[in-house]
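Peer 1: Could you have a look at this structure, given as structure tokens, before my questions?
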Amino acid sequence: MLGLFNDFASTATKAALSGLGKRQELISNNIANADTPLYQAMNIEFEHALNTAVRSRDGHMPLQVAGSNARHISPLTAEMAPKVTRRADSSMRLDGNNVDVDLEMTRLAETNLLYQTMTQIETKKLSLIRALTGR
């Protein structure tokens, strides 16, 4: 039964949810600092590493995580860790701040929608497993 929860799709979903959760935090931090002089908006990227891992499946689990106990949820491997960078796609204001609140709110709404979708996918999978196992 443990293999049902640690399959490739579940591991990829967990990695996506982790990255999206961190993006939500980072965007919220950007919005909170919209009026802070010299604050530079931050961005987080995890999709490229996730896509590479998904596409590079050649008989092994590139997203496999290690832990001290099979029941523990372990952190992602170092190569899957999200990369945090300074945003360079918005213009700098006179006070040195480059947070565009409208852009950040749009990115937050998009991230929330993706997070909800990934959560629904995992919930549906767990419901299906429950139905198939009679639990």
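Peer 1: Could you say whether any residue in the range 16-23 is closer than 24 Å to Asp89 by Cα, of a type in the set (Lys, Arg), surrounded by 16 or more Cβ atoms within 10 Å (Cβ to Cβ) and in contact (Cβ under 8 Å) with a residue 24 or more places away in the chain?
Peer 2: Yes, there is a match, as at least one residue in the range 16-23 is closer than 24 Å to Asp89 by Cα, of a type in the set (Lys, Arg), surrounded by 16 or more Cβ atoms within 10 Å (Cβ to Cβ) and in contact (Cβ under 8 Å) with a residue 24 or more places away in the chain.
Peer 1: Suppose we keep only residues that are closer than 15 Å to Asn33 by Cα and within 19 Å of the chain's Cα centre (by Cα) within the range 84-102. Which one would you say is surrounded by the fewest Cβ atoms within 10 Å (Cβ to Cβ)?
Peer 2: For the range 84-102, the residue satisfying everything is Arg86.
Peer 1: Moving to a separate point now. Which of the residues spanning the range 83-135 are farther than 26 Å from Ala15 by Cβ, assigned to a helix (DSSP H, G or I) and in contact with a helix residue (DSSP H, G or I) (Cβ under 7 Å, 6 or more places away or on another chain)?
Peer 2: The answer is Val101, and nothing else.
Peer 1: Being modelled with pLDDT under 90 and in contact with a Gly (Cβ under 9 Å, 6 or more places away or on another chain) is the filter here, so list the residues in the range 82-135 that pass it.
Peer 2: Result: Pro82, single match.
Peer 1: Another question about this same structure. What is the residue count in the range 48-63 for residues that are outside any helix (DSSP H, G or I) and either surrounded by fewer than 10 Cβ atoms within 10 Å (Cβ to Cβ) or modelled with pLDDT of 75 or more (or both)?
Peer 2: 3
The values are calculated or read from the model by the stated rules, or taken from the named source; none is laboratory data. Bear in mind that the values here come from a model prediction, so they are computed numbers and not experimental data. Because the Cβ atoms are built from the backbone with ideal geometry, glycine has one as well, and the counts that use them run over all protein chains shown.
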